[in-house]
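These notes are about the structure you will find just below.
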Amino acid sequence: MTDPSSAQPAPPGCPAHTDAVRLAGLEYQQTPSQLYRAMRREHGAVAPVLLDGDIPAWLVLSYSEVTYVTSHDELFARDSRRWNQWENIPADWPLLPYVGYQPSVLFTEGDEHRRRAGVITQALEGVDQFEVARNCQLIADRLIADFAGSGQAELMTGYAHALPMRAVVQMCGMPTSGEDTQQLVEDLRISLDAAEGDDPVAAYGRVGERLRQLVKDKRESPGPDITSRMLLDPAGLTDEEIVQDLISVIAAAQQPTANWICNTLRLLLTDERFAVNVSGGRLSVGEALNEALWLDTPTQNFIGRWAVRDTQLGGRQIRAGDCLVLGLAAANTDPQIWPGAHVGAENAAHLSFSNGEHRCPYPAPLLADVMARTAVETLLERLPDLVLSVEPGTLTWRPSIWMRGLTALPVQFTPMVQ
């Protein structure tokens, strides 16, 4: 589990025990569920871990403990300024864009969080789900038309990522194509899931600048979109507050939904339980979408919560200011809730959209489901003999501890005559 030669002595009140597990390595690429099982055996419901740069934290592994943490904001709060490790965090730390305090709904608490989340909820409730489904189907048809005549495609980049990107920016009032939009999505990817050589801090800065321009444009000329509804809300958010909350909305919608689409397609194309009903199988698609959230949830881990005071959790002594990483994937596959390792596809009590006051605001999960379901069903209807063009065992996952997504999903099918 841990390289003994790299173990660090634990400062007082710090989770960096000598048996702390680094959240990195090849195990996260292919078999994170096995890693989580091993961590549960060794550490129980709450494990000491090391983030980038050997920064100590706790990983909450069990369903009941994740539910407890997310339901008790008075003990485990979202304002990261509480962290007792800030003196050890370098200015270029890779996780800084999503841990460093921002004037965003993500870091607000109490009445201020309810105010900010209420603005997002009202803006999202103004989205017509039937219109989103129609738009997603049109986007899907255009994307499929680009590769349908070739008889082969790489669905991760050519379809699964492109569809929610175009749908989400359209909902926010941006053009669905163009260099600015493409750069925004790429910078969001880098911020969320940086690859070697990427600069997530710089990418996050570019995201902010592009959305500041969008907010400025919409204040001058509002339209029927999420950004305009946030600007016109009587809560009176500042432009910068809206920029930060738009970052949260777009980031939460685009990449996780893209991975949800691709993870579901992988399940449909590799699991014999679905194979007989893949072609246009509406019920099968719905079951696969839900099962993918249980077994390969797009957001594996979420950072995080910070302890308000000294407390106990899962038999661990948590000190005030300690960071807790929510192990959503580990919680979803907790053997305590799935005896015999059987996942019931009809059960929707997963934690993929988190839990408690800081869960994804309604109706965001419904909109994500509309995008994902339309993407999968349209593809299978247009290309009914779709199959993988490689052996299932050769598919590889991105080396991320945060997001669960394939590096590529190559497929083949009978070419369509244009």
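The values are calculated or read from the model by the stated rules, or taken from the named source; none is laboratory data. What you see is a predicted model; the values in this text were computed from it and never measured. Because the Cβ atoms are built from the backbone with ideal geometry, glycine has one as well, and the counts that use them run over all protein chains shown. Heads up: the accessible areas ignore ligands, DNA and RNA and are worked out on the full protein's heavy atoms, side chains in. Shrake-Rupley method; radii C 1.70, N 1.55, O 1.52, S 1.80 Å.
Tabulated data for the structure shown
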{"quantity": "One residue from 143, 138, 124, 163 being of a type outside the set (D, E, K, R) and within 30 Å of residue 75 (Cβ to Cβ)", "calculated": "124"}
{"quantity": "Tally of residues being closer than 23 Å to residue 397 by Cβ and open to solvent by 20 Å² or more (accessible area, probe 1.4 Å) across the stretch 43-64", "calculated": "2"}
{"quantity": "Residue 235 in contact (Cβ under 8 Å) with a residue 40 or more places away in the chain, closer than 27 Å to residue 35 by Cα and either in a helix (DSSP H, G or I) or not polar (S, T, N, Q) (or both)", "calculated": "no"}
{"quantity": "Among residues of the stretch 106-141, those that are in a loop (DSSP other than H, G, I, E, B) and not β-branched (Val, Ile, Thr), counted", "calculated": "3"}
{"quantity": "Residue within the stretch 155-174 that is part of a helix (DSSP H, G or I) and under 20 Å from residue 99 (Cα atoms) present", "calculated": "no"}
{"quantity": "Single match in 181, 157 (criterion: touching a helix residue (DSSP H, G or I) at 6+ places or on another chain (Cβ under 8 Å) and polar (S, T, N, Q))", "calculated": "181"}
{"quantity": "Candidates 328, 313, filtered to the one that is modelled with pLDDT of 95 or more, more than 17 Å from residue 56 (Cα to Cα) and open to solvent by less than 30 Å² (accessible area, probe 1.4 Å)", "calculated": "328"}
{"quantity": "All positions within the stretch 205-239 that are touching a Leu at 6+ places or on another chain (Cβ under 8 Å), surrounded by fewer than 19 Cβ atoms within 10 Å (Cβ to Cβ) and hydroxyl-bearing (Ser, Thr, Tyr)", "calculated": "none"}
{"quantity": "Subset of the stretch 106-127 [small (Gly, Ala, Ser), closer than 25 Å to residue 170 by Cβ and open to solvent by 10 Å² or more (accessible area, probe 1.4 Å)]", "calculated": "117, 118, 126"}
{"quantity": "Residue among 405, 344, 393, 340 that is at pLDDT below 85 and at negative phi", "calculated": "344"}
{"quantity": "Qualifying residue in the stretch 76-83 (condition: closer than 30 Å to residue 196 by Cα, touching a Gly at 6+ places or on another chain (Cβ under 8 Å) and open to solvent by 60 Å² or more (accessible area, probe 1.4 Å))", "calculated": "yes"}
{"quantity": "Residue that is modelled with the lowest pLDDT [pool: residues in the stretch 352-373 that are within 22 Å of residue 268 (Cα to Cα) and open to solvent by less than 20 Å² (accessible area, probe 1.4 Å)]", "calculated": "352"}
{"quantity": "Candidate set: the stretch 65-75, residues that are charged (D, E, K, R) and not in a helix (DSSP H, G or I); chosen: the one surrounded by the fewest Cβ atoms within 10 Å (Cβ to Cβ)", "calculated": "74"}
{"quantity": "Which numbered condition residue 103 fails, given (1) part of a helix (DSSP H, G or I); (2) open to solvent by less than 70 Å² (accessible area, probe 1.4 Å); (3) touching a residue at least 12 places away in the same chain (Cβ under 8 Å)", "calculated": "(1)"}
{"quantity": "Failed condition for residue 290, given (1) open to solvent by 10 Å² or more (accessible area, probe 1.4 Å); (2) free of Cβ contacts under 8 Å to residues at least 40 places away in the same chain", "calculated": "(2)"}
{"quantity": "Test set (1) part of a helix (DSSP H, G or I); (2) crowded, with 22+ Cβ neighbours inside 10 Å - residue 182 fails condition number", "calculated": "(2)"}
{"quantity": "Only one of 145, 202 that is assigned to a helix (DSSP H, G or I), open to solvent by 10 Å² or more (accessible area, probe 1.4 Å) and either touching a residue at least 40 places away in the same chain (Cβ under 8 Å) or acidic (Asp, Glu) (or both)", "calculated": "145"}
{"quantity": "Check on residue 35, surrounded by 15 or more Cβ atoms within 10 Å (Cβ to Cβ) and either within 24 Å of residue 204 (Cα to Cα) or of a type in the set (Phe, Trp, Tyr) (or both)", "calculated": "no"}
